[in-house]
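The values are calculated or read from the model by the stated rules, or taken from the named source; none is laboratory data. Quick caveat, the model's predicted, so the values are computed rather than measured. Cβ placement follows ideal geometry from the backbone for every residue including glycine, while neighbour counts extend to all protein chains displayed.
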């Protein structure tokens, strides 16, 4: 493997693109007898060579970045400017009785043991510290630079978990990110997942050796460290149910560092919700959406076409209503087409002939119609949940719906379809645009830098003005500059080109003209220093600045 890596280094001038690398790898596999030469294996050997100082400095200066980008696997993971790190909580009882959810005792409710993220969590006994460490290792082994991390905590209803467990869990994630710089050299060169021992916080939470008060102290300490760490948690996503949100829960989420909340909406029809045993009505969705926005959270809806009681026409009508009515207006949306899996009530209904799933053509048409009705300030995160085909008894089994849509030439104006990804800014082809819309009794401003034809999005800011909100009459709920993830001090592409600062200045002017005297930002822990440079100060987990 070492000689194969050295051969690639020696011939780097002849390798212009990924296709050339693939051809060269096949030649090397044949030459050295490898059944398959993996990029991650080459990178692991490359890191060893770097550690041993066996690569010439002149070569590193010319080719290091190109070499890493060439070997980068699934570059789309960091093209949005952040590195997503998904971790799964341990199995706990769920307060819901949803008809479509599989109910097993070995994994969290609604999850299956053969889903990729679940398989990783099971291998590591659901330990948050180890899950975080090894997701970072996987990203770096595949050529990514996960300096800006969005921690995505999955596992069902976060708000229903024991309070002590929640603080322990997030504490361990922060500690893992802070520790990673010290231990990464050791773990980047091994395939073992047993190399790291549990740290003192990763012991059984029911040992009662660490009190809730102490857990909070440790958490604040690790958060303070993360502000200055090389690897920053710039956002935390938690998922929960609409009927388990109140002010106390939202303040606790902020204390943990949460910036985005995903809620299982599924449908905005009371009859459909009741039939599927959701346990809440549409009014609760509306109320929760408003509360989340008042606190500044970025809001993600889970939307489920093909639920029992619905039909293709109804699904499209509900989706249109989500964006026609100011009661909803989520910032992001995930499509989770209904699938029939064992260990669910829906599986029984299907076996009894009481439920008939949509055909692939029906589902494709629904998604096409929905994408056409998606406003430019919304990001469609997913078109399908990552459920292995062998676990699906009935319903959609197409795993690449997004690619199918693209191949058919389906146009979409959502953020994901327009973000610049790894492109460069053409300063002669950039406009500042401001879109104002009503949502949850407030005025939302989507401030963006786009290409003149609006086909490419470079960056945006979400500003909310709600003068009746006494805590945050003006709050920035999201600031994002797109493009290849670039570490601070790295070569400039879209990020770090001054767009973020310009978006903030524009938002502050709008807020000031609206008559408010201060601006708040729902900042992730790892980017607080950025807002400090713009004159903001930490107050009650938010970054706040007087603007009068």
I'd like to check something: does segment 445-457 contain any residue that is without any contact (Cβ under 8 Å) to a residue 24 or more places away in the chain, farther than 30 Å from residue 514 by Cα and loosely packed, with under 15 Cβ neighbours inside 10 Å?
no
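Take segment 111-125 and flag every residue that is in a loop (DSSP other than H, G, I, E, B) and within 19 Å of the chain's Cα centre (by Cα).
111, 115
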Residue by residue through segment 361-386, note down the ones that are in contact with a helix residue (DSSP H, G or I) (Cβ under 9 Å, 6 or more places away or on another chain) and in a helix (DSSP H, G or I).
362, 363, 364, 365, 366, 367, 368, 369, 370, 371
Exactly one of (1) loosely packed, with under 14 Cβ neighbours inside 10 Å; (2) modelled with pLDDT under 95 is unmet by residue 434. Its number?
(2)
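Tell me, which helices (runs of 4 or more DSSP H) lie completely within segment 1-94 with 2 or more residues that are within 30 Å of residue 236 (Cα to Cα) and modelled with pLDDT of 80 or more? Before you say what the answer is, go through the steps one by one.
Details: elements: 2-10, 18-32, 39-51, 57-71.
The helices (runs of 4 or more DSSP H) meeting that bar number zero.
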Would you check which residues across segment 135-160 are modelled with pLDDT of 90 or more and touching a helix residue (DSSP H, G or I) at 6+ places or on another chain (Cβ under 8 Å) and list them?
135, 136, 148, 149, 151, 153, 154, 157, 158, 159, 160
Out of all the residues in segment 292-328, which are touching a strand residue (DSSP E or B) at 6+ places or on another chain (Cβ under 9 Å), over 19 Å from residue 375 (Cα atoms) and in a helix (DSSP H, G or I)?
292, 294
Looking only at segment 482-513, how many residues end up being in contact with a strand residue (DSSP E or B) (Cβ under 9 Å, 6 or more places away or on another chain) and at pLDDT 95 or above?
9
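Residues are listed down the side, and each one gets a yes or a no for (1) at pLDDT 90 or above; (2) in a loop (DSSP other than H, G, I, E, B); (3) surrounded by 13 or more Cβ atoms within 10 Å (Cβ to Cβ):
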| residue | (1), (2), (3) |
| --- | --- |
| 194 | no, yes, no |
| 209 | no, yes, no |
| 215 | yes, no, yes |
| 218 | yes, no, yes |
| 228 | yes, yes, no |
| 239 | yes, no, yes |
| 243 | yes, no, yes |
Taking segment 245-273 and keeping only residues that are under 17 Å from residue 96 (Cβ atoms) and in a strand (DSSP E or B), one is left with 261, 262, 263, 264, 265, 266
Segment 315-361, subset surrounded by fewer than 16 Cβ atoms within 10 Å (Cβ to Cβ) and at pLDDT below 95, residue farthest from residue 103 (Cα to Cα)
361
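For segment 456-481, which residues satisfy the criterion of being assigned to a loop (DSSP other than H, G, I, E, B) and at pLDDT 90 or above?
The initial filter retains those residues of segment 456-481 that are assigned to a loop (DSSP other than H, G, I, E, B), namely 456, 466-473.
Across segment 456-481, the qualifying residues are 456, 466, 467, 468, 469, 472, 473.
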Would you be able to tell me the number of residues in segment 417-444 that are without any contact (Cβ under 8 Å) to a residue 60 or more places away in the chain and either under 24 Å from residue 334 (Cβ atoms) or touching a helix residue (DSSP H, G or I) at 6+ places or on another chain (Cβ under 6 Å) (or both)?
3
